[in-house]
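Below is one structure, written out as structure tokens; comments come after it.
Taken together, the values in this text are just the output of simple stated rules run on the coordinates, not laboratory data. Everything numeric here is computed off the predicted structure, so don't read it as measured data. Glycine also receives a Cβ, built like all others from the backbone with ideal geometry; neighbour counts cover every protein chain displayed.
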Amino acid sequence: MRQAQSTEAVVREGLDLARTLPAAWQPRAMGALLALAYHFEGEDLLNRLVEDLMSTNLLDQILEEKVAAGRTEGRTEGRTEGRVEGEREMLRRYLERRFGAIPHVLDQRIAASDADALAALLDQAIGAATVDTL
């Protein structure tokens, strides 16, 4: 016959099992276990569990992984935004060379356009007779 375990023992076993999950799933599983511990036993148990997690560096490892993922995502977004900004500048340069000064409304439209809209605008500009037709 199986003996009843304390909530703390069950949560600790769950946290140990959560460490075996893929890194992306660990924070959610651990967070859920900590939330259940808090709900059933209160803040004292939660504090002990978090303290133990911090002392094992697992929490630090999870935070480092999240920071690294954030950096990667930030670099990707930065590259994309840089590419789009370059496309804006090239479109402005093309329009200025072909038609002269760009109307303010068109310049605002270029500034607000994403990559797809800029490509469509360039296609229009190539066939346009005047800047006013854009």
Return the only residue of 89, 64, 85, 77 being under 22 Å from residue 17 (Cα atoms) and exposed (fewer than 13 other Cβ atoms within 10 Å of the Cβ). 64
Per the filter on the range 1-30, residues within 16 Å of residue 63 (Cβ to Cβ) and not hydrophobic (A, V, I, L, M, F, W, C) are 19, 26, 27, 28
Six or more apart or on different chains, Cβ under 6 Å: which pairs go from a residue in the range 28-56 that's at negative phi to one that's assigned to a helix (DSSP H, G or I) and of a type in the set (Gly, Ala, Ser)? Could you list them? 29/18; 30/18; 33/14; 45/37; 46/37; 49/37
Pairs, please: C-beta under 7 Å, at least 6 apart or cross-chain, first residue over 17 Å from residue 117 (Cα atoms) and in the range 73-98, second outside any helix (DSSP H, G or I) and of a type in the set (A, V, I, L, M, F, W, C)? 96/102
